[in-house]
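J.: My questions will all concern the structure given below.
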Amino acid sequence: MVKINFDAAFNRQKNESCSGLVVQNERVEVICSRTVMHENITSVFAAEAMACLQALNLGLNLGLREAEIEGDSRSVIRKLQAEEEERSDIEAYIKDSKQLR
């Protein structure tokens, strides 16, 4: 089993964020890590949602068939797991992420 951890940092003054991603195998060895900068991010929730989307994309780009995605933003993860349609400022990120599952 492969695990992808994600986290985000957000700069409110510049509306920028940075996503940090780490991919580990079952022996907790780092397979891959990545940092991605983002512009025009409006909130800390949007930064976390973007980091989650980046984690999903990284898994797909690595050709992973199955991976556990883990982050510290409980609200973003709950929104991804919910069946109902999202209506918030991170709606676009949630929709994009759900399409990748």
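The values are calculated or read from the model by the stated rules, or taken from the named source; none is laboratory data. The model shown is predicted, which means the values in this text are computed figures rather than measured ones. Because the Cβ atoms are built from the backbone with ideal geometry, glycine has one as well, and the counts that use them run over all protein chains shown. The area values use the complete protein model at the heavy-atom level, side chains included, leaving out ligands, DNA and RNA. Shrake-Rupley method; radii C 1.70, N 1.55, O 1.52, S 1.80 Å.
J.: What is the percent carbon and sulfur in the accessible area of the stretch 2-99, measuring with a 1.4 Å probe over the protein chains and ignoring ligands?
T.: Numbers: 2720 of 6080 Å².
Using a 1.4 Å probe with all protein chains present, the stretch 2-99 comes out at 45 percent carbon and sulfur.
J.: How about the stretch 1-57: which GluC sites (Glu not before Pro) there lie in a loop by DSSP and see at most 13 other Cβ atoms within 10 Å?
T.: Working: sites: Glu16, Glu26, Glu29, Glu39, Glu48; in loops: Glu26, Glu29.
Here the GluC sites (Glu not before Pro) that fit, given the DSSP loop and packing criteria, are Glu26, Glu29.
J.: Just to confirm, what accessible area per residue do you get for the chain at 1.4 Å probe, in whole Å²?
T.: 64
J.: Rg and Dmax of the chain, using alpha carbons, in Å: what are they?
T.: Here Rg and the maximum Cα pair distance are 13.2, 40 Å.
J.: Between the helical axis of 91-100 and the dominant principal axis of the chain, each derived from Cα atoms, what acute angle in degrees is found, rounded to the nearest 10?
T.: 20
J.: Just how far, in whole angstrom, is the stretch 40-101 from the stretch 18-34 if you go by their alpha carbon centroids?
T.: Rounded to whole Å, the Cα centres lie 17 Å apart.
J.: I've got another one for you. For a quick check of your reading of the filter: which trypsin sites (Lys or Arg not before Pro) in the stretch 56-97 sit in a DSSP loop and have no more than 13 other Cβ atoms within 10 Å? Please list the in-between numbers first.
T.: Numbers: sites: Arg65, Arg74, Arg78, Lys79, Arg87, Lys95; in loops: Arg65, Arg87.
Answer in residue order: Arg65, Arg87.
J.: Which residues' amide hydrogens lie under 5 Å from the amide hydrogen of Cys32, considering only partners 5 or more residues apart or on another chain, with H built in the peptide plane?
T.: Those lying under 5 Å, H to H, from Cys32 are Val23.
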